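Rule-based calculations on the coordinates, nothing more; no lab input. Everything numeric here is computed off the predicted structure, so don't read it as measured data. Every residue, glycine as well, gets a Cβ built from its backbone with ideal geometry; the counts of neighbours run over all protein chains shown.
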């Protein structure tokens, strides 16, 4: 086998000798109410073969009709990717026999995509911006879902039979195809991840896709080839199919670079083929040979009339475009005054919207970050949920913060109150009231608790008097215990200092 | 034999409306006729007696009750109709005359069937055709040939031989057909009936099993021009389920047919297409054609000569475009979701092999021939030379029509080059079979409407005269068609169809 090798060349070594060329085909499932060419609901997770009409099953006699919303969503994606929108475009049939494709052809676009010749500026972690040229974005329909039964790990090899669910058949897709991406060098894996992340973010921000990679809303096929450094002619590429997480995109590109280098170094040549990504071993295996001459016998779909886009329609859609995510991030970072790392952590945690809303509700940028990146993130992790899915409202944060500022509760109590809020006990104020959680401000009670602690811990007192002020912390425990945690730590500290004459 | 079966649809509708006849009587008379003669004709693949009688009884009850509901009945309510078995129907099998779909029941109705149900026309059953509408003789049906009522040894045309024969044999006053390259008009010509291919998009295709989507069109089959007009007005109109359907209904078809029966064509320019006559057309066909011209002239029509030089490429272009679309449209018949599934007799049981075995066993030779042709024509490296060139020819043919319609209001030609030929005489020669559609195919390639009306007999067999009109101008066809029909009747003193030989016990015994 020409291409078989277990060997990999170390990434850095590979990049000393070769320039990688990347290319991506990203499929985005649109979240329209109905499918691309039928009235069937476009919904995830329903009982198999329930979201189907005669059209989706490819019954004899049926005809497709175009979902206008899907066309508008496709144009929005095209505009967000700085593409030209075709004045007139049509659908074509891509003919191939496969049981997940009810008509045995996929209705797609061929030589006249709805959007073409755009670009996307990708910002890498260190702020370097890399422009990725977009060749085209075209509309098509998804296939059904096959489940292979009786074999190992759901693979078709060795299966006894396969089940097919046509709920997904006909779900609108936009396929975004890049031009070859040259010059990423050793940042290729990182760029791959950032590119797919940017596409996901854009379609989510547009509201045209649920953009959940784990559900297949965004799916990436990654093309990789290597050419000797300084060469201009691209090497033979492989296409790694269905790399469906950001981490996997990065790993798959890295793996293919290392594998290609090893094949080339051993004097063999790369076979043009599709590759399968395996998350468990973080490696790819050979799929099927693929050539540019794969014959899908495309021809214009005779059951549909061309789509004509008027300038007015496009401008109306352009006016609907939200602020691009990258520009929004730049603006928010400046407004909030976060440090680079702080802001990056916020972005990575996916809580930009939440923090923005919390600040809008009246909290300071620092307070909003403290809560969302601190206690709320901790609770989400403990509950194994997305931070946003916990259901914390900006109002809750603002209220907790004002209770702290009014010295009614301390930070520790505030965190408890948050848990009670999430348990549905009411607003923070109601909970503080109901559970009698207000901080003990009774000077007499506090003074007594401090006297007791001083009496109980003479060695600590000696240290404090000796100048080790941080030892005050050791007194805090018994005081908090005596006041059931409701003492204001700052005030306790002041009392200790007073009592010890410091 | 009940006289009811000899009435035209409009005559029957009048008697139903006046209460002289009930729909149940009319439906029963046709069911009796089917029972009597269809053993010999084999026009029907399925007879829908129970439902047809139930719908008839419903119409009779509404009419008997009177009032608004009776007033609101469609003019054709209660008039029975036969449906080409390429059009899907709930409650009756739909086979496309293919083993592939034997026993398949559609869970939905075609749009035209919804309209027929809404208008309460009792459906007598489903009529025979060439498998998936591929053929010109109905000999390619998987369920036996249909015989021509004028001569049981001859073909009834195709693909819609069943609908045409049923109407010609008085088994139904009306039928639905589909016309991709002449499948309504050529059977109409050889059975002495009227058939119309409307403007592309005038009638929804939703629920007509697609042969070649860009060419297919559903249309009426009847014994009079007026009846076809009535039926086209019923089934036509925009359908949101068919993106290629016209935005507006074509109006005034019935009025045009009525106007035509006055027999006055003063000021109408009728264009003779130079390329669709003469060589290749039987002398008897040519003679009836020329007599028709004389009749039209006598009625005041101005006869002009037009040339459509690209029509000579029409057959070639058609036999590239049609199979290309066929190869894709018929891909869905793979045994995975519906229809018959055939397992390979030996070797591994993979999905590809099950699909292969199913398609090998389920499709007949003509269907396979066209799938193979189309697959080839669309293949990489051949697409431009075949499909691409054919599409260019299509544009040239459209331009020929545009130019011709500058000079003429309607065009005229023989519908088919020959009268009905004998069963089995062309089944071994596909090209000879294809040549039958040489005069009908240009209309499909250009999307323009066409009608066939009987133009007399040659050697005792019907000859069809075809009129073609510009897109959306179907009403011109109904006017000139009705005029020629009237002129021929006036000349002969009787209706054309009354010359049809009776299909009596003796003939049936002879052929049965």
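So for region B:364-420, what are the equivalent ellipsoid semi-axes in whole Å, largest first, each being the square root of 5 times an eigenvalue of the Cα gyration tensor?
Values: eigenvalues 183, 86, 7 Å².
With the √(5λ) rule applied to region B:364-420, the semi-axes are 30, 21, 6 Å.
Where the eigenvalues come from the Cα gyration tensor of region A:247-399, what are the semi-axes √(5λ) of the equivalent ellipsoid, largest first, in whole Å?
Value: 43, 29, 16 Å, ordered largest first.
Would you compute, from DSSP H runs of 4+ residues alone, the mean residue ellipticity of chain B at 222 nm, taking -39500 (n - 2.57) per run and dividing by the full residue count, rounded to the nearest 500?
Value at 222 nm, helices only: -12500 deg cm²/dmol.
Please provide three numbers in whole Å: the alpha-carbon extents of region B:1-139 along the principal axes, with the largest listed first.
Answer, in whole Å and largest first: 47, 34, 23 Å.
Divide the volume of the convex hull of the Cα atoms of the protein assembly as shown by its number of residues and quote the answer in cubic angstrom per residue. Working shown, then result.
Numbers: hull volume 234.4 nm³, N = 1014.
Spread over its residues, the Cα hull of the protein assembly as shown gives 231 Å³ apiece.
With labels modelled as points extended 7 Å from the Cα through the Cβ direction, what inter-label distance (nm, one decimal) is found for residue B:49 paired with residue B:369?
Placing both labels 7 Å along Cα→Cβ, they lie 3.8 nm apart.
If you find the alpha carbon centre of region B:249-292 and of region B:370-400, how far apart are they in angstrom?
Using only Cα atoms, the two centres lie 31 Å from each other.
Would you mind checking the tilt of helix A:472-482 against the longest principal axis of the Cα atoms of chain A, expressed as 0 to 90 degrees and rounded to 10?
Between the helix axis and the principal axis of chain A, the angle is about 90 degrees.
Please give the Cα centre distance for region A:104-131 versus region A:315-346, rounded to the nearest Å.
After rounding, the separation between the Cα centres reads 21 Å.
What angle, in degrees between 0 and 90 and rounded to the nearest 10, separates the Cα long axis of helix A:394-405 from the longest principal axis of the Cα atoms of chain A?
20 degrees
Could you quote the convex hull projected area for chain B, Cα atoms only and averaged over all directions, in nm²? Kindly include the intermediate steps, with their values, before the conclusion.
Values: hull surface 93.3 nm².
Answer in nm², one decimal: 23.3.
So what's the gap between the Cα centers of region B:402-428 and region B:118-132, to the nearest angstrom?
Computed from Cα coordinates, the inter-centre distance equals 26 Å.
Between residue A:328 and residue A:470, what is the spin-label point distance in nm, taking each point 7 Å from the Cα along the Cα→C-beta axis?
It works out to 4.2 nm between the two label points.
Taking 0.36 nm per residue of sequence separation and subtracting the Cα-Cα distance, how much length would be gained by fully extending the chain between residue B:385 and residue B:102, in nm to one decimal?
Working: separation 283, 0.36 × 283 = 101.88 nm, distance 3.72 nm.
Length gained between residue B:385 and residue B:102: 98.2 nm.
Report relative contact order for chain A in percent, whole number only (criteria: Cα-Cα under 8 Å, sequence separation at least 6).
Numbers: 868 pairs, mean separation 73.5, N = 502.
Relative contact order, chain A: 15 percent.
How large is the translational diffusion coefficient of region A:443-499 in µm² per second when you combine the Kirkwood radius over alpha carbon pairs with Stokes-Einstein at 25 °C and 0.890 mPa s?
Roughly 223 µm²/s, to the nearest whole number.
How high is the FRET efficiency from residue B:422 to residue A:282, r the C-beta distance, R0 56 Å, rounded to 0.05? Please report the intermediate quantities before stating the final value.
Details: r = 73 Å, r/R0 = 1.30.
So, using R0 = 56 Å, E works out to roughly 0.15.
Go through A:325-337, B:280-292 and give me the packing order, highest mean Cβ count within 10 Å leading. Could you put the intermediate results ahead of the total?
Numbers: A:325-337: 14.4, B:280-292: 18.0.
Ranked by mean Cβ neighbours within 10 Å, highest first: B:280-292, A:325-337.
How many Cβ atoms of partner chains, on average, are near each residue of B:241-254 if near means within 10 Å of its Cβ? Kindly include the intermediate steps, with their values, before the conclusion.
Working: counts 8, 4, 10, 5, 2, 0, 0, 0, 0, 0, 0, 0, 0, 0.
Whole-number average of other-chain Cβ neighbours for B:241-254 is 2.
Add -39500 (n - 2.57) for each DSSP H run of 4 or more in chain A, then divide by its residues: what number comes out at 222 nm, to the nearest 500 deg cm²/dmol?
On the way: 17 runs with 192 residues, N = 502.
The helix-only estimate for chain A comes to -11500 deg cm²/dmol at 222 nm.
Sticking with the crude label model, points 7 Å out along Cα→Cβ, report the distance from residue B:502 to residue B:341 in nm, one decimal please.
Each label point lies 7 Å from its Cα, and together they span 5.3 nm.
Can you pull the three principal axis extents for the Cα set of region B:370-512, in Å, largest first?
58, 43, 20 Å, listed from the longest principal axis down.
In 10 Å bins starting at 0, how do the alpha-carbon pair distances of region A:325-434 split up by percent?
Going from the shortest bin to the longest, the percentages are 14, 47, 30, 8, 0.
In 10 Å bins starting at zero, report the fraction of Cα pairs in region B:208-348 per bin as a rounded %.
Once binned at 10 Å, the Cα pair distances of region B:208-348 give 9, 20, 30, 25, 9, 5, 2, 0.
Quick one: Cα convex hull volume of region A:156-230, Å³ per residue?
Values: hull volume 11.4 nm³, N = 75.
Dividing the Cα hull volume of region A:156-230 by its residue count gives 151 Å³.
Across peptide A:93-105, what mean number of C-beta atoms from other chains lies inside 10 Å of a residue's C-beta? Let's see the in-between values first.
Numbers: counts 5, 1, 6, 1, 9, 5, 8, 1, 3, 4, 5, 9, 5.
Partner Cβ neighbours, averaged per residue: 5.
Defining a contact as two alpha carbons under 8 Å apart and six or more residues distant in sequence, what relative contact order in percent does region A:443-499 show? Can you show the working numbers first?
Numbers: 37 pairs, mean separation 22.5, N = 57.
Relative contact order, region A:443-499: 39 percent.
Over chain B, what is the relative contact order in whole percent, taking alpha-carbon pairs under 8 Å and six or more residues apart?
On the way: 1249 pairs, mean separation 90.1, N = 512.
Once normalised by length, the contact order is 18 percent.
Taking 1 over the mean of 1/r across every pair of different Cα atoms in region A:204-336, what Kirkwood radius in Å do you get? Provide the component values of the computation, followed by the final result.
On the way: mean 1/r = 0.0530 Å⁻¹.
Here the Kirkwood hydrodynamic radius works out to 18.9 Å.
Calculate, for residue A:393 and residue A:155, the FRET efficiency according to 1/(1 + (r/R0)^6) with r their C-beta to C-beta distance and R0 41 Å; round to the nearest 0.05. Mind dumping the intermediate values first?
Details: r = 45 Å, r/R0 = 1.11.
That pair, residue A:393 with residue A:155, gives E of 0.35.
Taking only Cα atoms, what is the 0 to 90° angle, nearest 10, from helix A:188-206's long axis to the longest principal axis of chain A?
Between the helix axis and the principal axis of chain A, the angle is about 80 degrees.
Within region A:392-406, whose backbone N sits under 12 Å from a point 7 Å along Cα→Cβ of residue A:357?
A:392-397
Dimensions of chain A along principal axes (Cα, Å, largest first)?
91, 55, 51
For residue A:308 and residue B:18, FRET efficiency with R0 = 51 Å and r from the beta-carbon atoms, rounded to 0.05?
Details: r = 51 Å, r/R0 = 1.01.
In this case the efficiency is close to 0.50.
Quick one: if you take sqrt(5λ) for each eigenvalue of the C-alpha gyration tensor of region A:8-132, what semi-axes come out, biggest first, whole angstrom? Please report the intermediate quantities before stating the final value.
Details: eigenvalues 254, 80, 51 Å².
Output for region A:8-132: semi-axes of 36, 20, 16 Å.
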